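Worksheet for the structure shown next.
The values are calculated or read from the model by the stated rules, or taken from the named source; none is laboratory data. Worth saying up front: this structure is predicted, and the values here are computed from it rather than measured. No Cβ is skipped: glycine too gets one built from the backbone with ideal geometry, and neighbour counts run over all protein chains shown. Ligands, DNA and RNA are stripped out before the accessible areas are found, and what is left, the full protein with its side chains, is counted by its heavy atoms. Shrake-Rupley method; radii C 1.70, N 1.55, O 1.52, S 1.80 Å.
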Amino acid sequence: MNEQTTVIGTVASVIFQNEENGYTVLRLVTDDGELITVVGCIPCAAPGEELAVTGSYVTHPQHGEQFSAEEVERRLPATESGILDYLSSGVVRGVGPSTAQKLVDRFGPDTLDVIENAPEELRKIKGVTDKRAREIAESFREQMGLRRLMEFLTRFELPVALAVPLYRRFGTGAMEMLRRDPYQLAAEPFHVDFAVADEIALALGFSGNASCRTEAGILFELSHNEQSGGHVFLPRDKLLAATAQLLDAPADAVEKSLDDLIAAGRVTQEPVANVTACYLSRCAEAEQYVALRLRAMLSDKPDVLRGASRAIDEIEREQGIEYAPLQRRAVELAAEQALLILTGGPGTGKTTSVRAILTLFERMGLDVLLAAPTGRAAKRMGEVCGRDAQTIHRMLGMSWDERTGEVKFQKNEKDPLQTDAVIVDETSMVDLALMRAFLAALRPGCRLVLVGDPDQLPSVGAGNVFSDLIRSGRVQTVALTEVFRQAQQSAIIRCAHAVNEGRVPELQNTAESDFFFMPRRDPVRLVDTVVELCKTRLPGKMGIPVPDIQVLTPTRKGACGTAALNRALQEALNPAAPDKRERALGDIVFREGDRVMQTRNDYDVLWEREDGTAGTGVFNGDVGQILQIDPGGEILTIAFDDRIATYTADMLAELEMAYAMTVHKSQGSEYRGVVFVSAPCAPGLEVRGVLYTALTRARELMVVVGDDATLRRMAENDKRQRRYSALRWRLAEQA
């Protein structure tokens, strides 16, 4: 680890600055007269100001030594020449070199104080009107607000990059807000660890029994369990106990704060079955809305598509196939019902049924949209259906509200989708919030077909929507169970169904098989085997190119987790070379040609398609390839399917290598070849759903490398994490 040091100097020039997040590259003249390059989050940096930066020296592959700043203490220039350089840089809106000279000539070393505290004095300068004076003062005060925020964050060892979103959310009152309620840092969309926000509050003199502390603890418990456990609500008794333990606070104080939050409308409490459920109010509204809209669809009787049976016969003749009874039943119900669920495992003819429903709808004159939760799932759906499919986010016209830090959708009740029917694939991945937005965009009478496999892992976000709809018994559901003869020839499909029934897959390898098991218990030998398979054996002997091979593992940690596997695979598949530019971030080196994955939703990433259309937003789980790193190492161009996105170096923390990924991250995707690592890991990951989901990601070839005992434990363990959700109850009991 590089040794930390502090460097003091004056900004000579600013080379690059990202206004969205404050990431900056600048030249600093140190007190010793040395010129160094500093990189880090330094919003509104400008020539002439003094900096004390704490961090470490790093070596850039192309540009040599740079100073990576982790903490920044800023001092405004005090000399007339420094103030002139500062204002002449254009850092203050409305002030250029000429006006800067006039200001310094008039006010001397007091210029900056006059701008901030006595802007009416600026009118004494020729050419400065009342309006312009106000604009200059406002621009300067914005910077002072950001500076004070940065100083506050640095004092408590928080990332200075938080200053920009805090200021964007709360404006000039951000500093006052933090002093009044530092627990805002632990809330959305900042997500500072609650313990850190608590430490700040106590350092500022807040009492351990302060109501804002207990209220923040309650909201944190609800939010944390929503994000990490997928819970839509928590039972009141569990919420109170967890919060009291978190805060080491008296139970009666926590209970009073919970009642205050309920009275204020920030928490919603209502009886659910035999439980007193406590929700974040937005979660309660989402669940209530989804249930209301679904019940309305179930009570709605759409016009039956006349002649559907005859049309199905014609489709069969034209396509030269005969639908199995359950497949035909699914198509017939789609013609009759406003809402239909179609489920089935691999090889049961789900895709054929979807194509039949789509063909029938179009033949009957309906406008149909195809959608899926992720870009990869939408791409695959479009390929098998022979027409365009899109992500639900794109279909709804998603955007990001910088002021509130919330997602917005263009399509809603006021501006619904202009379509007669929507077919959604991989519905098990749809969480409650997305389902709420999606249903809001469907106009009355629009038909909806939800397709998925309920035995796969649930959505990453809160809720258990697909499973709840099925188990409610209220929605017409066709479950395809027959594995067709052609599919039965695939060992992958046979193994997946065996695992789903709790049986260990057949591990006897045969030359004709598409499923192979390679026993490796030693972690070093296991990783070496995975690398060999991806680099030479599968491309050479099986004809599957490296880009079409995906390594999956249940865990991120350990000798056989994604971190270790990605290091080994990168070295083998994309080694360093003189013609490949690189950009380091901590222990990770990003290199041109690398396969990378976005690890969180970022609604600000700019992208463009070949046809010239442009937009913003890259989402958790999106996989791309680094096409180019600019000579300065500050701009990366990454291809995500049909989109070319632009990343600045400060955004690399959102990326990780994707030669290997967790099974959870692979949901909604399909690969020609999958190498699955079967090695001991956390008990919560050694479950049937993880193994089944991994097996169903492989289209042509599945190679399992590792320990057969781990496979056995996973196949036999059908334990599913319980998620607190009342959607099933709202549909079944409140009907």
query: Per residue, what accessible area does the chain have, given a 1.4 Å probe and all protein chains present, in Å²?
result: 45
Options ALA253, LEU292, CYS278, ranked by Cα towards positive dipole end of segment 223-300, top entry (Cβ charges): LEU292
- prompt: What dipole magnitude, in Debye to the nearest 20, does the chain give about its Cα centre under +1 on Lys/Arg Cβ and -1 on Asp/Glu Cβ?
  reply: 2040
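If you take every DSSP beta bridge whose two residues both sit in the chain, what share of them, in percent to the nearest 5, is antiparallel?
So the antiparallel bridges amount to about 65 percent of the total.
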- request: Looking at segment 224-320, send over the antiparallel percent of its DSSP beta bridges, to the nearest 5.
  value: 100
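Would you rank MET714, MET398 by solvent-accessible area, highest first, keeping every protein chain in place and using a 1.4 Å probe?
MET398, MET714
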- line: Looking only at lysines whose Cα falls under 20 Å of LYS124's and that sit 8 or more positions away or on another chain, we get LYS102
field: Listed pairs LYS379/LYS719; LYS379/LYS411; LYS131/LYS408; LYS379/LYS541 exceeding 26 Å between Cα atoms
entry: LYS379/LYS719; LYS131/LYS408; LYS379/LYS541
query: Which label marks the calculated value of Rg/Rh (Cα atoms, Kirkwood Rh), given the options [x] 1.01; [y] 1.07; [z] 1.03?
result: [x]
task: Give the dimensionless ratio obtained when the Cα radius of gyration of segment 275-434 is divided by 2.2 N^0.38 Å.
output: 1.17
query: Bin by bin, in steps of 10 Å, what percent of the Cα pairs in segment 107-205 do you find, going until the bin that has the longest distance?
result: 15, 40, 22, 17, 6, 0
- prompt: In segment 629-735, which GluC sites (Glu not before Pro) fall in coil by DSSP and have 14 or fewer other Cβ atoms within 10 Å?
  reply: GLU733
Accessible-area value, PHE16, 1.4 Å probe, nucleic acids and ligands omitted, Å²: 50
- line: Checked against the positive end of the charge dipole of segment 1-98 (+1 on Cβ of Lys and Arg, -1 on Cβ of Asp and Glu, about the Cα centre), the farthest of GLN66, SER98, GLY33 is SER98
- prompt: For segment 626-735, what is the percent of antiparallel DSSP beta bridges, rounded to the nearest 5?
  reply: 55
- prompt: How large is the charge dipole for segment 288-357, taken about the Cα centre, if only the Cβ atoms of Lys, Arg (+1) and Asp, Glu (-1) carry charge, to the nearest 20 debye?
  reply: 280
statement: Counting only DSSP loop positions in segment 383-466, the trypsin sites (Lys or Arg not before Pro) whose Cβ has at most 14 other Cβ atoms within 10 Å are ARG387, ARG403, LYS414
- request: Counting other Cβ atoms within 10 Å, keep those with at most 11, restrict to DSSP loop, and tell me which trypsin sites (Lys or Arg not before Pro) in segment 234-279 are left.
  value: none
- prompt: In whole percent, how big is the carbon plus sulfur part of the accessible area of the chain, probe 1.4 Å, protein atoms only?
  reply: 48
query: What value, in deg cm²/dmol to 500, does the helix sum -39500 (n - 2.57) over DSSP H runs of n ≥ 4 give at 222 nm once divided by the residues of the chain?
result: -11000 deg cm²/dmol
Length-normalised contact order of segment 260-398 in % [C-alpha pairs under 8 Å, at least 6 apart]: 15
Separation of alpha-carbon centers, segment 534-583 and segment 72-124, rounded to whole Å: 54
task: Would you be so kind as to identify which of GLY673, ASN500, ALA264 lies farthest towards the positive end of the dipole of the chain, taking Lys and Arg as +1 and Asp and Glu as -1 on Cβ and the Cα centre as origin?
output: ASN500
- line: Using alpha carbon centers only, segment 402-454 is separated from segment 480-499 by a whole-angstrom value of 32
- request: Averaging sequence separations of C-alpha pairs under 8 Å and six or more residues apart, then dividing by the length of the chain, give the relative contact order as a whole percent.
  value: 10
message: Suppose a student asked you for the relative contact order of segment 1-91, using Cα pairs under 8 Å spaced at least 6 residues apart; what percent would you report?
response: 27
task: Considering only protein heavy atoms, with the full assembly of protein chains and a 1.4 angstrom probe, order ARG106, ARG141 by accessible area, largest first.
output: ARG106, ARG141
message: I'd like to verify something in the chain: which complete DSSP H helices, judged by Cα projection on the helix axis, reach 18 Å or more and average at least -1.0 on the Kyte-Doolittle scale?
response: 130-155, 211-229, 251-264, 281-299, 350-363
